[in-house]
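What follows is a single structure, written as structure tokens, with notes after it.
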Amino acid sequence: MDISITHLLIILIEHLGLTVAAAFLILNMGAAGKTFLSQHPWMEKAVLTGFFGLFAILGNYGFDPVHDAFANLRAMAVVTGGLFGGPWVGLGAGLIAGGHRFLIDIGGFTSAPCATATLLEGVAAGLLAGWYGARVMNWKVAFGLGVAGESMHMGLVLLFARPFAEAADLVRLIAVPMILVNSVGAAFFVELIKGLFRERERRESRQVQQLLEIANVTVGYLRSGLGAGSASKTAEIIFRQMDVAAVAITDTTHVLAHMGAGSDHHIVGEPIRTAATRMVLDDGLPLFRHTRREIACPHAGCPFQHGIIVPLKKDESIVGTLKFYGTRSKPLDKVHFQTARGLAVLFSTQLELEDIQIQARMLAYAEIRRLQAQINPHFLFNSLNTIASFCRTRPDRARELILDLSNYMRRNLDQSKGYITVQEELEQVEAYLAIEQARFGERVKYRLHVGEGCEHWPIPALVIQPVVENAVKHGITPKESGGTVTVSIHCDSALMTVRVADDGVGMPEETIHRLYNPEELAAVSEGIGVRNTIHRLHRIYGPTCQVMIESVQGQGTEVSFSIPRSHPSACL
């Protein structure tokens with residue numbers, strides 16, 4: 001059969017289109033398995049070698065014979081395989097395709113040079129990828145390798161195929177179409193793979209972003225424990241975010257929350273219905289069920305065709321499950337499965353924070369008690385001495401001071417739990433200052449400036465009063481003429497700033513450094529109020545809540561800090 005260069009070019013282009021389309025479908029269907037393969041490099045290499053070797057073999061078929069040989073698209077596949085998979089894939093794909101060409105003997109008199117050229121093309125592309133990495137995975141390199149490889153291919157045919165006259169006629173007919181189409185095909189193949197992986201990365205990025213958004217919104221609920229309230233809020237958030245038919249959360253025996261389809265028989269508060277859920281609770285392994293029978297819901301009208309059940313753990317013990325359900329109109333896939341597993345890990349971590357929160361709260365109570373124990377004894381002793389001195393000379397004033405002291409002590413006990421308002425803390429401050437003024441007279445003066453709307457701001461108990469006491473004890477009373485303590489509080493919609501300043505004796509830099517050092521909290525009694533405030537605010541609000549201390553010896557000291565309105569749920 002007489003074949004022209006134009007006719008051969010058209011046939012090659014048609015086969016190129018079919019080959020690229022088939023590769024697109026196969027790569028798209030196999031993209032989900034890439035996550036598994038990437039965890040096993042040698043298995044991934046083997047799969048890639050087989051894939052590109054197979055496509056190189058397919059590139060031999062579907063063409064009419066030309067001078068007892070065949071035009072082909074082998075180079076397109078082996079060049080792409082080498083660039084994408086590296087030296088071993090390039091070598092493997094070249095061996096598979098070249099070996100097939102030689103052993104099957106398609107077009108007898110050129111079999112050896114064609115097989116050799118195919119092997120060399122795969123090896124060259126693989127070595128280039130091994131030397132230069134991902135930079136060579138672009139259409140320009142693929143096109144150039146295709147041109148160089150097929151030009152070498154034609155040269156080997158001329159050198160080794162005999163009779164030479166037939167080899168020359170063959171090369172004259174097939175050289176341009178094969179060089180052009182294989183080069184263009186390799187360029188297309190490379191860009192196709194890059195595009196698929198870019199899309200996969202975008203999907204994974206969206207999945208991670210979705211996981212983080214869900215975890216961010218649910219962290220305040222599950223950290224308080226796995227109960228009906230927290231589970232209901234969590235399931236509602238996931239159902240809004242995920243394209244699934246239903247979301248459910250259970251403990252080890254009952255349904256805690258169910259959002260979406262099937263709520264007529266998957267009822268909150270009732271025992272778990274599905275055998276698949278009980279299986280996960282027993283063995284702790286996540287399940288992906290693809291049929292109604294595998295889900296094993298006993299309700300005859302259950303709409304679920306797919307089910308994903310993953311365990312929720314706390315300290316390695318299974319405490320419940322997270323479940324996604326799919327229907328015919330909303331099927332589940334491997335992306336949903338990976339998302340469910342990721343959420344289960346995040347939720348399990350949040351559940352474990354419940355124990356940490358309880359421990360932190362107990363530690364905070366103990367810490368406040370320690371602070372009170374360090375403040376109260378000497379303060380109580382001095383206050384009682386002051387009141388005793390007024391009993392003979394000014395009994396009315398002694399009665400007022402007894403009331404101030406009783407209010408101070410009662411509030412000190414009441415404020416050992418959780419958050420209080422700024423107004424309550426300032427009442428404590430004023431009770432303390434009233435007693436100190438009775439002791440020191442005009443040597444102790446104070447001013448309070450509270451911005452509008454700050455009175456009801458929630459703050460941890462005992463964060464302002466100890467700083468004020470520190471200013472009185474170590475700032476103004478050591479000064480013969482005394483001084484003034486000024487408390488200024490200002491707030492906006494998100495942040496409240498507290499400043500406690502005195503015009504007392506000040507302190508040196510080394511003392512300030514010691515105040516910031518948590519290791520000296522228990523070792524040094526000087527400035528214990530400021531030390532505890534620094535430590536507690538940092539622990540409650542994190543490193544963003546910094547206590548600033550500015551002091552000039554002989555001029556005074558200012559302690560300032562800012563507190564956000566939205567405080568952590570794991571408060572004192």
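The values are calculated or read from the model by the stated rules, or taken from the named source; none is laboratory data. These figures come from a predicted structure and were not determined experimentally. For neighbour counting, all protein chains shown are included, and Cβ atoms are generated from backbone atoms with ideal geometry for every residue, glycine included.
Of all residues in the range 159-179, those satisfying the criterion of being among the aliphatic types (A, V, I, L, M) and either touching a Lys or Arg at 6+ places or on another chain (Cβ under 7 Å) or surrounded by 17 or more Cβ atoms within 10 Å (Cβ to Cβ) (or both) are Ala161, Ala167, Leu170, Val171, Leu173, Ile174, Ala175, Met178, Ile179.
Among the residues of the range 181-198, those identified as farther than 17 Å from Arg135 by Cβ and either without any contact (Cβ under 8 Å) to a residue 12 or more places away in the chain or touching a Gly at 6+ places or on another chain (Cβ under 8 Å) (or both) are Asn182, Ser183, Val184, Gly185, Gly195. State all residues of the range 281-326 that are hydroxyl-bearing (Ser, Thr, Tyr) and surrounded by fewer than 18 Cβ atoms within 10 Å (Cβ to Cβ); if no residue qualifies, say none. Selection gives Thr291, Ser317.
Here's the yes/no breakdown for (1) over 19 Å from Glu236 (Cβ atoms); (2) in a loop (DSSP other than H, G, I, E, B):
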{"site": "Arg273", "(1), (2)": "yes, yes"}
{"site": "Lys313", "(1), (2)": "yes, no"}
{"site": "Ile318", "(1), (2)": "yes, no"}
{"site": "Lys323", "(1), (2)": "no, no"}
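Please count how many residues of the range 415-469 are part of a strand (DSSP E or B) and either more than 20 Å from Arg536 (Cα to Cα) or of a type in the set (Ser, Thr, Tyr) (or both). The number of residues fulfilling the criteria is 9.
Whether any residue in the range 351-365 is touching a helix residue (DSSP H, G or I) at 6+ places or on another chain (Cβ under 8 Å), surrounded by 15 or more Cβ atoms within 10 Å (Cβ to Cβ) and at pLDDT 85 or above is what I want to check. Among the residues of the range 351-365, not one is touching a helix residue (DSSP H, G or I) at 6+ places or on another chain (Cβ under 8 Å), surrounded by 15 or more Cβ atoms within 10 Å (Cβ to Cβ) and at pLDDT 85 or above, which makes the answer no.
Tell me, please, whether a residue that is over 21 Å from Ile549 (Cβ atoms), touching a Cys at 6+ places or on another chain (Cβ under 7 Å) and surrounded by 18 or more Cβ atoms within 10 Å (Cβ to Cβ) can be found in the range 482-490. Break it down stepwise before answering.
Taking the range 482-490 first, the residues over 21 Å from Ile549 (Cβ atoms) are 482.
Retained after the next criterion (residues that are touching a Cys at 6+ places or on another chain (Cβ under 7 Å)): none.
No, that holds for no residue.
Within the range 390-401, residues that are more than 14 Å from Arg439 (Cβ to Cβ) reach partners that are not β-branched (Val, Ile, Thr) with beta carbons closer than 7 Å, at six or more positions or on different chains, in the pairs Cys391/Ala398.
The residues of the range 319-343 that are of a type in the set (A, V, I, L, M, F, W, C) and within 13 Å of the chain's Cα centre (by Cα) amount to a single one, Leu343.
Considering each residue of the range 86-99 in turn, at least one proves to be modelled with pLDDT of 85 or more and closer than 22 Å to Ala168 by Cα. Criterion first (at pLDDT 85 or above, among the aromatic types (Phe, Trp, Tyr) and in contact with a strand residue (DSSP E or B) (Cβ under 7 Å, 6 or more places away or on another chain)) does Phe239 satisfy it? So Phe239 passes the test.
The set of residues from the range 252-271 being in contact with an Asp or Glu (Cβ under 7 Å, 6 or more places away or on another chain) and either part of a helix (DSSP H, G or I) or exposed (fewer than 15 other Cβ atoms within 10 Å of the Cβ) (or both) comprises just one member, His254.
I need the full set of residues from the range 470-481 which are crowded, with 22+ Cβ neighbours inside 10 Å and either outside any helix (DSSP H, G or I) or at pLDDT 90 or above (or both), in order please. Residues satisfying the conditions are Ala471, Val472, Gly475, Ile476. Kindly indicate whether Gly81 is modelled with pLDDT of 85 or more, surrounded by fewer than 16 Cβ atoms within 10 Å (Cβ to Cβ) and at negative phi. Against the criterion (modelled with pLDDT of 85 or more, surrounded by fewer than 16 Cβ atoms within 10 Å (Cβ to Cβ) and at negative phi), Gly81 does not qualify.
When the range 46-55 is limited to residues that are surrounded by 20 or more Cβ atoms within 10 Å (Cβ to Cβ) and over 16 Å from Leu192 (Cβ atoms), the one that is nearest to the chain's Cα centre (by Cα) turns out to be Thr49.
Which numbered condition in (1) modelled with pLDDT under 65; (2) within 21 Å of Leu119 (Cβ to Cβ) is the only one that Leu103 fails? Exception for Leu103: condition (1).
Mind listing just one residue for me: the one in the range 491-516 that is surrounded by fewer than 16 Cβ atoms within 10 Å (Cβ to Cβ) and acidic (Asp, Glu) and, of those, nearest to the chain's Cα centre (by Cα)? For the range 491-516, the residue satisfying everything is Asp492.
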